[in-house]
Amino acid sequence: MAAPLSRIVRRLFRRSLDAGGSGRRWSGAPVSGRSLTNEVIGAGRTIQARAAHVVRNNAHAGAGVQGLVSNIVGPGIKPSSQHPDPATRERINEVAGDLLDHLDYDGPGGFYGAQAMACGQMVEVGECFGQLFEDSDEPGLTRLRLIHADQVPYEFPMIGPASRVRAGVELDDMGRVQAYHVLPRRPDDPTAPFVNAFTPVRIDARDMVHLFLPQEPGQLRGVSWFARVLLKLHELDQLDDATLVSAKARAMIMGAITDPEGNGGGMDGTQDGGVLTAGMEPGSLLNLPPGTGVDWFDPKAFEDYDAFTKAHLRAVAAGLGIPYEVLTGDLAGVNYSSIRAGLVEFRKRLEHWQHNVMVPRFCQPVWDRVVSTAGAAGLLPGYADDPAAFHRVEWLPPRQEWVDPKKDAEAEIIAIRAGLKSRTQAIAERGYDAEKIDAELAAERAREARLGLTVDTNPAVTTKAGLTPTLLTDESPAPEATDYAA
């Protein structure tokens, strides 16, 4: 009885998941039981330095950053006020738009230039900080000063009676972010006064934005998007250099002249550092002294170089979350169906990064500060009566280019006609404001009517085939319901 019982007990406690097992196949496999914040505190500086180096020196890494920034941010993720009153909504868009154009403290790029810079830093080194403050010379104007991750030190942990500081982030006893401890300048700035260069300044969290891609609950600092692929890129660089040197050697060294007996005498040509240089032309014949010979070099090329590097660059692209074609620009073997399928999945990632990272962690805090500062300065009449209405906003990411504009436009028209989506939704997906588009269309129609113009882009007067309904004769076929443009 005891033996069967022991077998049952062993079976109950036996691990049924391969990933939790042990044995020879798992011998030496690395594990990580620490939090990502602890990992970043321990290795963050090294990862940031290596990532910055590879982005500046590796063409594929640089293209990866540019591809991500141009797709996530592009010309800008733009705000559109959702205030219920049309006149107030237009006023908010006008005032906030002007203030956002002058937002960037360090340059003329404004809000959208700051978005691109912050997004690029998030991809490259893992995060970007920004300090919001009111311009002392222009009441109502909010400024944003972007801060490099180097200026928020991982060192200097502090524990107080009601707060603690980890990795430059101050938390209360509930774990909520209260402030950031920021160095006045970057540590490697040679003009920084030494006495204050390494003394962090406390900045309230309400005056800071912290952009990074969170990967686990409670994460305090971001990690470079290149962390997964840095080693692979480094070794691919070494392989590329070795292959290039090998190709140069094959092209430069033809062979060696041998003289086993040592009595061949001098050779024709010039010698430089022990290397004989002889002029050769097509069809040349070598006249060698008696007793000498030639051993021709035939170093083998790396025959699988293209396939090998493509496989690893695909892994790099997967690690960054972008299509291989975006990383490399290599469109060989791509057809309409494959590129469309790849871009559909990529656009899902873009929507996640835009609406779950860029908007809540960067765009919305900036918008709220700009609107509240403008309202307090009297630039937005009625703000004090209903502040929440003034802060309502819809964010319009940049439009994504269609693979086949004609087919995709026809699909949009069919979806709108079938009631599966609205024109407002379709216009917003292209990065535009529906109210602004409608106002422009109304202005165009009014101008056409005033000038007596008839254009075939106006479905009120022209069919999709270009015919004017009033000119149709009894013999003309009646236009179908779908004959008018959307």
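Bear in mind that the values in this text are calculations on the coordinates, not laboratory data. Everything quoted here is computed from the prediction, not taken from an experiment. We place every Cβ from the backbone using ideal geometry, glycine too, and count neighbours over all the protein chains shown.
Here is how the numbers come out for the structure above:
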{"item": "Neighbour net charge for Ser35 - beta-carbon separation under 12 angstrom, K R +1, D E -1", "result": "+1"}
{"item": "Derived scalar couplings ³J(HN,Hα) [segment 142-157; Karplus, 6.51 cos²θ - 1.76 cosθ + 1.60; whole Hz; x for Gly, Pro]", "result": "8, 10, 10, 10, 6, 10, 6, 4, 4, 7, 10, x, 6, 7, 6, x"}
{"item": "Cα centre as origin, Lys/Arg/Asp/Glu Cβ charges: segment 53-157 dipole, Debye", "result": "420 debye"}
{"item": "Total formal charge among the other residues, if their Cβ is under 12 angstrom from that of Leu343, Lys/Arg +1 and Asp/Glu -1", "result": "-1"}
{"item": "Three-way shape call for segment 317-441 based on the alpha-carbon gyration tensor, with the a/c threshold at 1.5", "result": "oblate"}
{"item": "D (Stokes-Einstein, µm²/s), Kirkwood Cα radius, segment 404-449, 1.306 mPa s at 10 °C", "result": "136 µm²/s"}
{"item": "Cβ charges +1 (Lys, Arg) and -1 (Asp, Glu), total dipole of segment 300-359, debye", "result": "200 debye"}
{"item": "Residues whose placed amide H lies under 5 Å from that of Glu170, excluding near-sequence neighbours", "result": "Gln178, Ala179, Tyr180, His181"}
{"item": "Shape of segment 135-250, Cα gyration tensor, a/c cut at 1.5", "result": "prolate"}
{"item": "Cα gyration tensor, segment 334-405 - rounded (a/c under 1.5), prolate or oblate", "result": "prolate"}
{"item": "Amide H contacts of Lys78 (H built 1.01 Å from N, under 5 Å, at least 5 apart or other chain)", "result": "Leu396"}
{"item": "Cut-off under 5 Å, modelled amide H: who pairs with Thr258 long-range", "result": "Gly293, Val294, Asp295"}
{"item": "Gap separating the Cα centres of segment 111-165 and segment 82-107, nearest whole Å", "result": "22 Å"}
{"item": "Calculated from backbone phi, Karplus (6.51, -1.76, 1.60) coupling profile of segment 414-425 in Hz, x at Gly/Pro", "result": "4, 5, 5, 5, 7, x, 7, 7, 9, 4, 4, 5"}
{"item": "Met174, Met358, Met158 arranged by Cβ crowding within 10 Å, fewest neighbours leading", "result": "Met174, Met158, Met358"}
{"item": "Hz values of 3J(HN,Hα) by residue in segment 81-96 - Karplus curve (6.51, -1.76, 1.60), Gly and Pro given as x", "result": "4, 10, 4, x, 8, x, 5, 5, 4, 5, 5, 4, 4, 5, 5, 5"}
{"item": "Selected from Met122, Leu103, His83, residue furthest toward positive end of dipole (segment 75-127; charges at beta carbon)", "result": "His83"}
{"item": "Burial ordering of Glu134, Glu124, fewest other beta-carbon atoms within 10 Å first", "result": "Glu134, Glu124"}
